[in-house]
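> One structure follows; several queries about it will come next.
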Amino acid sequence: MPRIFSGIQPTGQLHIGNWLGAVRNWVELQHKYEAIYCVVDLHAITERYDASALPRRTREMAIGLLASGIDPAKAILFVQSHVPEHTTLQWFFTAIAPLGELERMTQFKDKSGKHESIPAGILMYPVLQAADILLYLADLVPVGEDQVQHLEFSRELARRWNTEFSRASPYFPEPKALLTPARRILGLDGQAKMSKSLGNTIGILETPEQVWQKLRPARTDPARVTKSDPGNPDVCNLYTLHKHFSPPETQTMVAEQCRTAGWGCLDCKRLLAEGMEVALKPIRERAVELEAAPLEVDRVLAEGAEKARAIARRTIADVKERMGFMPGAN
Ligand code: TYM
């Protein structure tokens, strides 16, 4: 069975961009593939962060994933820092990771601009991401569009390493990105990608009241100034969300009412809020149960780490052998 791997940073609450672009797909894929999912706390320290809040945020992200439907009986779920082999493989990869390419990464250029003294972790971020994926010899990686460049880098690194150390029969597969139609969800400003760092998100655990407070002022078709102006659903960010949250009949009706100015944008937003509540309510309820059982969550994560580690140890042993390290105690 092909293996899939994916990760998410514990840098804030799971939002509908993460959910539509990646996590909902993770839940589907766990039934078809051998699935491994990871809360990537080591990546989260490449930006300024609050050390005292990290354990809580890591557990919260795990709760968000479990509440979304990741089933520990089907998929391995664990925390990256609980499996030290990730950083071991990252270091091995630094031997072949091309500096020029790391400096050309979009994320490096965006993030390094914000620092006077650039932390090396931002530069090394894609090397650790490649190590995450290749440690499990994953074939497929379900992600949103913003991760495609990092995936290309992982493929390139696998190729280089195979050429250098495993020429006769390639050891690492070249992992492919698995995208969904929701590969790039825009924020409520309708301008930038929905992102934890931009504050333009709707969290999947937010209450209907909180969601409504955010949807009400959200940007729609800018040509619709008054209720009597006809609009164009194809340029309306909220119509895109309708496509992901509302049943097909509602989508058709909303588009028709928008084009003929039958409704105002608030009417359309109310229906969207209803559709979102249908999808998010069961997740919120499950999260409340999990929040009340933190030890159970920790147990699931410890078991996940143990299973992940069994795979990771084998890979590291194979890699060390091929890279010429002297055998010794592991
Ligand atoms: P992160 O934590 O930023 O996001 C987690 C997943 O959510 C997707 N995503 C989106 N999809 C659609 N629209 C959006 N607005 C949106 N925002 C986020 C992301 O594409 C991602 O799939 N570098 C990764 C974490 C990582 C990883 C890995 C991923 C570390 N190691 C190995 C895959 C494999 C990141 O920062 O994702």
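Bear in mind these aren't lab numbers, they're just calculated from the coordinates by the rules spelled out. Just so you know, these numbers come straight off a predicted model, no measurement behind them. Cβ coordinates were reconstructed from backbone atoms using ideal geometry, including for glycine residues, and neighbour counts include every protein chain displayed.
> Quick check: anything in the stretch 246-263 within 16 Å of the ligand (Cβ to nearest atom), of a type in the set (A, V, I, L, M, F, W, C) and crowded, with 20+ Cβ neighbours inside 10 Å?
No.
> I'm trying to understand the selection: among the residues of the stretch 184-228, which are hydrophobic (A, V, I, L, M, F, W, C), part of a loop (DSSP other than H, G, I, E, B) and in contact (Cβ under 8 Å) with a residue 60 or more places away in the chain?
Within the stretch 184-228, Ile185, Met194, Ile202, Ile204, Leu205 qualify.
> Quick check on my filter: what residues within the stretch 93-102 are part of a helix (DSSP H, G or I) and surrounded by fewer than 20 Cβ atoms within 10 Å (Cβ to Cβ)?
Result: Thr94, Leu99, Gly100, Glu101, Leu102.
> Would you point out the residue of the stretch 24-51, among those that are touching a strand residue (DSSP E or B) at 6+ places or on another chain (Cβ under 8 Å) and of a type in the set (Phe, Trp, Tyr), that is farthest from the ligand (Cβ to nearest atom)?
Tyr33
> Restricting the search to the stretch 227-250, which residues are β-branched (Val, Ile, Thr) and under 19 Å from Gly17 (Cα atoms)?
Val235, Thr240
> So in the stretch 306-323, with the set limited to residues that are loosely packed, with under 14 Cβ neighbours inside 10 Å and of a type in the set (Asp, Glu), which one is farthest from Ile36 (Cα to Cα)?
Glu321
> Condition check: touching a Leu at 6+ places or on another chain (Cβ under 8 Å) and within 13 Å of the ligand (Cβ to nearest atom). Does Leu205 satisfy that?
No.
> What's the number of the condition Ala67 fails, among (1) within 13 Å of the ligand (Cβ to nearest atom); (2) surrounded by 21 or more Cβ atoms within 10 Å (Cβ to Cβ)?
Tallying (1) within 13 Å of the ligand (Cβ to nearest atom); (2) surrounded by 21 or more Cβ atoms within 10 Å (Cβ to Cβ), Ala67 fails exactly one: (1).
> Return the residue satisfying two criteria in turn: it lies in the stretch 145-183 and is assigned to a loop (DSSP other than H, G, I, E, B) and of a type in the set (Lys, Arg), and of such residues it is surrounded by the fewest Cβ atoms within 10 Å (Cβ to Cβ).
Arg167
> If you don't mind, another one. Within the stretch 201-217, track down each residue that is surrounded by 14 or more Cβ atoms within 10 Å (Cβ to Cβ) and more than 15 Å from Leu14 (Cβ to Cβ).
Pro208, Trp212, Lys214, Leu215
> Does Ile96 count as in contact (Cβ under 8 Å) with a residue 12 or more places away in the chain and within 14 Å of the ligand (Cβ to nearest atom)?
no
> Looking for whichever is closer than 25 Å to Trp19 by Cβ and either among the hydrophobic types (A, V, I, L, M, F, W, C) or not in a helix (DSSP H, G or I) (or both) here; the options are Met253, Met326. Which one fits?
From the options Met253, Met326, the qualifying one is Met253.
> Next up: For the stretch 116-143, enumerate the residues that are away from the ligand (no atom under 11 Å from the Cβ) and in a loop (DSSP other than H, G, I, E, B).
Listed by number, the residues that qualify are Glu116, Ser117, Ile118, Pro119, Leu137, Asp139.
> Quick check on this structure: which one of Gly21, Gly7, Gly12 is near the ligand (Cβ under 10 Å from one of its atoms), under 13 Å from the mean Cα position of the chain (by Cα) and surrounded by fewer than 18 Cβ atoms within 10 Å (Cβ to Cβ)?
Only one candidate passes the filter, namely Gly12.
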